[in-house]
Every structure is written in C-alpha cells, then in structure tokens.
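> This structure is in structure tokens; I'll ask about it shortly.
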Amino acid sequence: MAVKLFGAIVIGSMETEMKIFELSARKGMKEIDCVSARIHLGVDAYSKGRLDVEKVEELCTVLKEFKQIMEGYRVDGFKVCATSALREIRSSLITRDYIEKQTGLKIEILSNSEQRFLDYKSIASESGSFETIISSGTAIVDIGGSSIQISVFDKDKLITTQNIRMGKVSTREKFMPLAKNNAHYEKLVLELMEHELNGFGKLYQKDRQISNLIVIDGDLVELMRKQEQSSSISVVSKEEFEETYRRIVCLNPDEVTEQFHISSDSAPFVVSSVIFCRCLMEKLGAETIWLPEMSTNDGLCYDYGVSNRLIKSKHNFDEDILAASRNIAKRYKSNMPHIKNMEEMTLQIFDRMKKIHGLGQRERLLLQISVILHNCGKYISLTNVAECAYNIIMTTEIIGLSHAERRIIANVVKYNTLDFEYDDDRAGGTSITREEYLVIAKLTAILRVANALDRSHKQKFKNYTVALKGDRLQITVDSQEDLTLEKGTLAEKADFFEEVFNIYPVVKQRKKM
C-alpha cells in the first residue's frame, strides 16, 4: 500500500510546531520531520485578551515557512489547528481571518475538549503499554498554558475528565507579580491547587486509588530528559520527582536554565508545571509519573490516518466518550435500565434507516450520547426537564466532542419533549448551521420514537425487530404486557417522525403463548 505524507501544525500558547509524518498500513505512523518556533502568544492572550501585532506578524511568517516545507515534502494532506492562545482572545475570529488571508492556510480553533482528546489519542496510539497502564487507577494530566485537564481511568474505563483553570502560563503571569520571592510563589500556587483538588477529590475521585500520572507537558519532558536517558516514555518515581522538585522550586528562570540546561523560553514556566505535578501526586496518591514525548500534532496525524483508513486504531476512543457520558448520567441520577433499553432501540432504528436519513457513524454516536443524557435534567427540576438538561449538557465538558457537537446533543435532548422550533421560528436568532439543524431534526425524531416505546420506564419488552416496510417503520415487539400507554405516546410522536422522514412508525405487539 502506498505511503502517505501528512503535515500537522499546532499553534500553541508557547510554541508553534509542525510535524511531518509518513503513514502506511504496514508501519503505521512515523514522524520524519519536526520544526518549531517559540512564540509566546499565551502571555498576551491571557493577560490582555488580544495578541500584539508583532507576534501576529511573527506567527504569519512562521506559518508561511511551514507551508513551504510542506510543499517541499509534497504532503498528501495537512491540518492547521490553534489552541487556547487563539481560542480565548476576544478578537479570535478577526485574528484568525487575518492570519488565514496572509498565509493561505485554513485554521481550525480547537475547543478545550477536542484539544485534550487529541493529546490523549497521541498517547494511546503510540504507547504499546497504554492499555496496561490504565488497567489500574491512572490519571492523564494535560498541563496547558491556561488550564489543566485531569482524566481519570480505572479498569480500562474513562471515569471522568475535568478542567481546572490553572495553566502554567496564566498562573505565572497572574501570581508571580504578587509573590515576594520564589518560595512565596510556590506557596500561592499550592494553596490554589489544593483548593481545586479538594473539590475534584470529593466529586470525582472519592475512594479510587490513582497509582499513575501520565503527564502531557513538553517543558516537563525537556526538564526530566536532561537528567536521565531518553526513551519514548520516561518513567519517573515519586522519589526521583521529589528530588527534582527540591532542587528547582526556589530557582529563578536564569538559574533554572543554568543548572538544568533547559531553554530560557521554557525556564519561566517549568517551575509551575513541577509544582502542579507534586501537588497532584500528593492529593491523588500517585507513585509514578509517565512522561510521553508526544504532542497534539501526533493526535492530528492519528485522526487523519484512521479516518482515511491508512492505519488501524489501537484503542476504541468512542467507548471513552460514551463512558464519560454514562458517568455524567449517573452523577445526575438518571434511570440507567431505561437508558440501556433506549440505546438499543434508537441505534436499531438509526441503522435500519441509513438510506433514508443519510447520516454517518459520528451522528450515530451523537444520538447514543443524546439517549444517555436525555433525562439528566430531572435532577434539577421535574417541571423544566428539557431546559435543565440543555443547560447541563452545554455547561458540561465531554471529552472528544466539539462545542458544535455538544450543542447538537443539547438540542436533541431539549426537543425530545419540547415543541420543535422550525427555521421560521428560529428567525436567525441562533448560531446553528443548516447542516446542524437537519441533524438535530433527524436525531430528535428517532429519540422521540424510542422514548415513547418505554414511556413507563418499565422495559415492557426485551425482544423486538425493526423493519422498513414501504412507508412504514414497523417495530414488532414480544410482550405480554399492556402497551396501551406506549402505543398512545407513540401516536403523539409519530407525526414529527413522518414529517422528517416521510415514514410513519407503528408498533406491532406479538404475544407469545
């Protein structure tokens, strides 16, 4: 099979990096070039809410050079993404448009959950020991410029992922000017971290033992690589890390550069990363730190390779998204047997109607998550279930989903019980695109039918078949129960289903003797 070349460019808060990869079915992913430029966009973004003109121009120059390198390699595909440095400035759209016009490169601004999921994918796709590591209590700690993402795994399952608004750049820019000296800065950061982690522990860790930390942080990798032999994943014991902590925590940036031989660009921020990690090890009870030498670029390439069937996935990432969604549903005391029953029904209907709705696997996943979260609003209010569920979903980060995808799910859940708003009703008062609107309508129609068939939440039938017969969607069920309630509710929901698909759903009861 032919080898494909892919270019991945990530505009970060401290560094803009490009990697060129070879992709093949036989050898998988292979990095063949890496070029980076230190541009401290995060310092401006987090302190001023905008980027200085000089740094924007510098970024444009770097991206033009990267573009020329990709043209020299004759890459088959490429992707340019930006993280929080462009995401969090007030003129994000304007600045992105200017950069795109100057460079001829289209830039995608990643949401926090998309960025962290790509970082997570980069580890899982490259590390042969990843599955073994997460079989016991493990936390992936992704330290960024403006925040820290903590994702907890136990028995191969993603338990939760939460974002703490303390990053190595934003924290230093905000609190170093308040500190009397380096020791005082350490004390301030520890106080803030301990407060955040106390809340995290009560809500999400509980009695779960975390043995390993997998830390994603290029500056920390650079620091530890200078002290021990380099490898694809460096393993650092608690004792080894404590020794490094004691040596570095009270040093100023110049002293860090001189004593640890790391770049002067990294030195001001690596101390923050070390403080974060030590606090996490203490609070979570971890004994080991794993430091993968990978980045968001690796995740971008992995996504491209899998979606174009150039490489095979080593890990089922959709199951991680679903696991995180189920844990959200449990947190809000949802009826899990009802959800399980509805999942099976909705996915059967979706699969039987592929030629009608024309949707793909990603929309199937969004439908499944909609089912899982459709009742979470009852935790807040039994009267305004739909609105409460909408707000919960829109304000809860679900790793691996973009903001637009989360908005689709929130609207599907909302219109499961509320009257659907048509184009004329919306009157341009929303940022939902035409394509998203159509996906919402189709998934809502399917969710309504499945929900109607378990209106009592008693799972009155286990065995059923779904078949398209002309202009009818026939759902045949085996049940000795009285289905009057379910049939009556289905009749209420059937008109919208027919309006969307030109297919009328009917239920046929088969009573076995």
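> Compare the Cα positions of Q509, L220, I349 along the charge dipole of the chain (+1 at Cβ of Lys, Arg; -1 at Cβ of Asp, Glu; about the Cα centre) and return the one farthest towards the positive end.
So the residue furthest toward the plus end is Q509.
> Once you have the Kirkwood Rh of the chain from its Cα pairs, apply Stokes-Einstein at 20 °C and 1.002 mPa s and quote D in µm²/s.
The estimated diffusion coefficient comes to 85 µm²/s.
> Can you work out ³J(HN,Hα) from phi for every residue in the range 468-476, in order, using Karplus 6.51 cos²θ - 1.76 cosθ + 1.60 and θ = phi - 60°, giving whole Hz and x for Gly and Pro?
8, 10, x, 9, 10, 9, 9, 10, 9
> What FRET efficiency do you get for R247 and Y504 if R0 is 60 Å and r is their Cβ-Cβ distance, rounded to the nearest 0.05?
About 0.25, to the nearest 0.05.
> Separate question: What is the diffusion coefficient of the range 66-135 in µm²/s, taking the Kirkwood radius over Cα pairs and the Stokes-Einstein relation at 25 °C with a viscosity of 0.890 mPa s?
The estimated diffusion coefficient comes to 169 µm²/s.
> Hey, another quick one. Listed highest first by mean packing, meaning other Cβ atoms within 10 Å per residue, what order do 89-100, 278-289 come in?
In decreasing order of mean packing, 89-100, 278-289 become 278-289, 89-100.
> I would also like to ask the following. Could you tell me what percent of the accessible area of the range 24-127 is made up of carbon and sulfur, with a 1.4 Å probe and every protein chain present?
47 percent
> Something else: To the nearest 20 debye, what charge dipole does the range 1-117 have about its Cα centre, counting +1 at the Cβ of each Lys and Arg and -1 at the Cβ of each Asp and Glu?
Using Cβ point charges on Lys, Arg, Asp and Glu, the range 1-117 gives about 340 debye.
> Charges on Cβ only, +1 for Lys and Arg, -1 for Asp and Glu, centred on the Cα centroid of the chain; of S151, F260, G377, which one is farthest towards the dipole's positive end?
G377
> Summing -39500 (n - 2.57) over the DSSP H runs of n ≥ 4 in the chain and dividing by its residue number, what mean residue ellipticity at 222 nm do you reach, to the nearest 500 deg cm²/dmol?
Here the helix-only value at 222 nm equals -16000 deg cm²/dmol.
> A further question follows. For the range 17-25, in order, what is each residue's ³J(HN,Hα) by Karplus, 6.51 cos²θ - 1.76 cosθ + 1.60 with θ = phi - 60°, in whole Hz (x at glycine and Pro)?
10, 10, 10, 10, 10, 9, 10, 8, 5
> Then there's this: Roughly how many nanometres apart are two label points built 7 Å out from the Cα toward the Cβ at E65 and V235?
With each label placed 7 Å out from Cα toward Cβ, I get 3.9 nm.
> I would also like to ask the following. What is the spin-label model distance, in nm, from N335 to E57 if the labels are put 7 Å beyond Cα along the C-beta direction?
In this crude spin-label approximation the distance works out to 6.5 nm.
> Kirkwood Rh over Cα pairs of the range 220-335 into Stokes-Einstein at 10 °C, 1.306 mPa s: D in µm²/s?
92 µm²/s
> Shifting gears a bit: For the range 253-320, which chymotrypsin sites (Phe, Trp or Tyr not before Pro) are both in a DSSP coil and crowded by at most 10 other Cβ atoms within 10 Å?
Nothing satisfies the criteria.
> While we're here: Would you mind getting me the FRET efficiency between E436 and E258? Use the beta-carbon distance for r and R0 = 60 Å, nearest 0.05.
The value I calculate is 0.65.
> Among rounded, prolate and oblate, which fits the range 33-169 when a ≥ b ≥ c are the square roots of the eigenvalues of its C-alpha gyration tensor, a/c under 1.5 means rounded, and a/b larger than b/c means prolate?
It comes out oblate by the Cα gyration axes.
> Give the carbon-plus-sulfur fraction of the accessible surface of the range 342-417 in %, rounded to a whole number; probe 1.4 Å, heavy atoms of protein chains only.
Answer for the range 342-417 is 48 percent, counting heavy atoms of protein chains only.
> Using the Karplus curve 6.51 cos²θ - 1.76 cosθ + 1.60 with θ = phi - 60°, work out ³J(HN,Hα) for each residue of the range 318-334 in order, rounded to whole Hz, and write x for Gly and Pro.
4, 5, 5, 5, 5, 4, 5, 5, 5, 5, 5, 4, 5, 4, 9, 6, 6
> What percent does the relative contact order of the chain come to when contacts are Cα pairs within less than 8 Å and at least six residues apart?
Once divided by the residue count of the chain, the mean separation gives 12 percent.
> Please say if the range 22-72 is rounded, prolate or oblate, where rounded means a/c under 1.5 for a ≥ b ≥ c the square roots of the C-alpha gyration tensor eigenvalues, and otherwise the choice is prolate for a/b larger than b/c and oblate otherwise?
prolate
> Normalise the Debye intensity by I(0) for the range 333-452, one equal point scatterer per Cα, no solvent, then take log10 at q = 0.17 Å⁻¹ and round to two decimals.
Summing over Cα pairs of the range 333-452 leads to -0.83.
> Work out how far the C-alpha atoms of the range 393-513 reach from end to end along every principal axis, then list the three figures in whole Å, largest first.
Each principal axis gives a Cα extent; for the range 393-513 these are 54, 31, 21 Å.
> Could you work out how much longer the chain between R50 and D156 gets when fully extended? Use 0.36 nm per residue separation minus the Cα distance between them, nm to one decimal.
Working it through step by step, the gained length comes to 34.1 nm.
> Additional query: Using modelled backbone amide H atoms (1.01 Å from N, in-plane), which distant-in-sequence or interchain residues come within less than 5 Å of Y504's amide H?
R472, L473
> Also, quick follow-up: With every protein chain present, what is the per residue accessible area of the chain (1.4 Å probe, Å²)?
That works out to 45 Å² per residue.
> Once the dipole of the range 5-97 is set up with Lys and Arg at +1 and Asp and Glu at -1 on Cβ about the Cα centre, which of F21, I11, G42 lies farthest towards its positive end?
F21
> What is the pair-distance distribution P(r) of the range 96-226, computed from all Cα-Cα distances in 10 Å bins starting at 0, with each bin given as a whole percent?
10, 33, 33, 18, 5, 0
> For A82, what residues show an amide H to amide H distance below 5 Å, using hydrogens built from the backbone and excluding near sequence neighbours?
I11, E108, I109, L110
The values are calculated or read from the model by the stated rules, or taken from the named source; none is laboratory data. Bear in mind the structure is a predicted one, so any value in this text is a computation, not a measurement. Note that each Cβ is placed from the backbone with ideal geometry, even for glycine, and that neighbours are counted across all protein chains shown. The accessibility values were calculated without ligands, DNA or RNA, using every heavy atom of the protein model including side chains. Shrake-Rupley method; radii C 1.70, N 1.55, O 1.52, S 1.80 Å.
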